[in-house]
Amino acid sequence: MTLPAPILASAPLVWREAGAARGLRHIPEETAVALTYGRATYAVMMATPADLDDFAWGFTRNEGLIDAARDIIACETIPRDIAGEAAIELRLDLAPEREDALWSRKRRLLGATGCGLCGMESLEAALAPSPAIASDLRLDAAALAAAMAGLGARQDLNRQSHALHAAAFYQPGRGIVAVREDVGRHNALDKLAGALLRAGIAPASGAVLLTSRVSVEMVQKVARMGCAILLAVSAPTGLALRRAERSGITLAAIARADGFEIFTHRPRIVMESTVHAA
C-alpha cells in the first residue's frame, strides 16, 4: 500500500447566480493516524498525511513522553486499509527507560481533527500546570508582524486547498525557518515541534506563529516546547490567557496587516526598534 496524498482533486458542481457548471477544487485529505509505542496504540488522531515523521516526534515530545530526539530509537510509517479507507500507523520504538514510563500515563486518545485534550482521564490531568518559561528573549514587533504577513506565502498545501492550519517558527535575523500544515491546528503545532526537535533548533530562540485561534491546549504545547513567545491570527480564550500568564509565555493574537494585540508578558515584544524580518 502507498500513503494517501495530502491534497485531492475534486470536481464539484458549482452553482453561481449565472448558472451551474462543473468545477475543479483541491481539498485536503483527512486520515486516521495511530501512534503506537511497543506495538500498542496510544493515540489515534485525524490528520493530514504529510510530514508524518515530524508529527510522530512532535506529538511524542508534546505529550511529555520524551525529552530529546534520541529518546526515539525508530519510527516506521505503515499504511493500512481499514474498511476500505486508508489509515496510517506511526510505529515508534522508545528508549527502554522511556518505554517503561510510558504506560504509567494511562492515557488513551481518540482525537477528532480539532481535538487537543481528548482522552484525559481526569479534570486534574486536563488542567495540570504547564512548564514555567523564563526567557530574556526580546523580539521586534514590526519583524514579527512582517513574518506573520509572509506566512501565507509559505503555506504550500493551503494555497491549493484553502482549508489547512499552519504553525511556523520565527527566529530573529533568519525569519521563518519552519512551517508545518495540517487540517488540525494541534497537529500542525505538533508537526512543527517535531521539525524543530529533529533539526536541533531550540524553540527558546524564537516565536511560534499560528494561523488558528489560541485555546489552552495550544498554550500548553508551546510551553512544553519551551518557547516564550506565541503569536496567532485569531483570538485566545480566557483560559489560554490565564495559562499563558502563569506559564510565563508572551501571548499575542488577533494579528492583522497593521499589527496585533499583546495580552501577556508584554516586555518581550519591543516596539521602538526598526529591525525587520529576514
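All of the numbers you see were taken from the coordinates with simple rules; none came from a lab. As the structure is a prediction and not an experimental result, all values here were calculated from the model. Ideal geometry is used to build each Cβ from the backbone, glycine not excepted, and the neighbour counts take in all protein chains shown.
To the nearest 20 debye, what is the magnitude of the charge dipole of region 139-270 about its Cα centre, counting +1 on the Cβ of each Lys and Arg and -1 on the Cβ of each Asp and Glu?
Numbers: 16 positive and 9 negative charges, 50 e Å.
The calculated dipole for region 139-270 is roughly 240 debye.
Taking the simple approach of a point 7 Å from Cα along Cα-to-Cβ for both residue 97 and residue 198, what is their distance in nm?
Computed distance between label sites residue 97 and residue 198 equals 2.5 nm.
Roughly what % of DSSP beta bridges within the chain run antiparallel, to the nearest 5? List each step's numbers first, then the result.
Numbers: 39 of 58 bridges.
Restricted to the chain, the bridges split so that about 65 percent are antiparallel.
Mind ranking 164-174, 27-37, 4-14 by how tightly packed they are, going by the mean number of other C-beta atoms within 10 angstrom, highest first?
Listed from highest to lowest mean packing, they are 164-174, 27-37, 4-14.
Using 7 Å Cα-to-Cβ label points, what is the residue 3/residue 41 separation (nm, one decimal)?
2.0 nm
Placing +1 on the Cβ of each Lys and Arg and -1 on the Cβ of each Asp and Glu in the chain, which of 208, 90, 255 has its Cα farthest towards the positive end of the resulting dipole?
Positive-end residue among those listed: 255.
Give me 75, 227 sorted ascending by neighbouring Cβ count inside 10 Å, so fewest comes first.
Details: 75 18, 227 25.
By the 10 Å Cβ count, ascending, the order reads 75, 227.
Report the one residue of 152, 165, 265 whose Cα lies farthest in the direction of the positive end of the charge dipole of region 139-270 (charges on C-beta: Lys and Arg +1, Asp and Glu -1; origin at the Cα centre).
Farthest towards the positive end: 265.
Can you say what percent of the DSSP beta bridges in region 139-270, counting only those with both residues inside, are antiparallel? Round to 5. The partial results should precede the final answer.
On the way: 14 of 24 bridges.
Rounded to the nearest five, the antiparallel share is 60 percent.
Taking 0.36 nm per intervening residue step and subtracting the Cα-Cα distance, what contour gain separates residue 13 from residue 82 on full extension? Can you show the working numbers first?
Numbers: separation 69, 0.36 × 69 = 24.84 nm, distance 2.93 nm.
Gain on stretching residue 13 to residue 82: 21.9 nm.
Answer with one residue from 7, 101, 19: the one whose Cα lies farthest towards the positive end of the charge dipole of the chain, charges on Cβ with Lys, Arg +1 and Asp, Glu -1.
19
Fully extended, how many nm does the chain gain between residue 270 and residue 132 (0.36 nm per residue separation, minus their Cα-Cα distance)?
Result: 47.5 nm gained on full extension.
Place a +1 charge on the Cβ of each Lys and Arg in the chain and a -1 charge on the Cβ of each Asp and Glu, then give the dipole magnitude about the Cα centre in debye, rounded to the nearest 20.
On the way: 30 positive and 30 negative charges, 93 e Å.
I would put it at about 440 debye.
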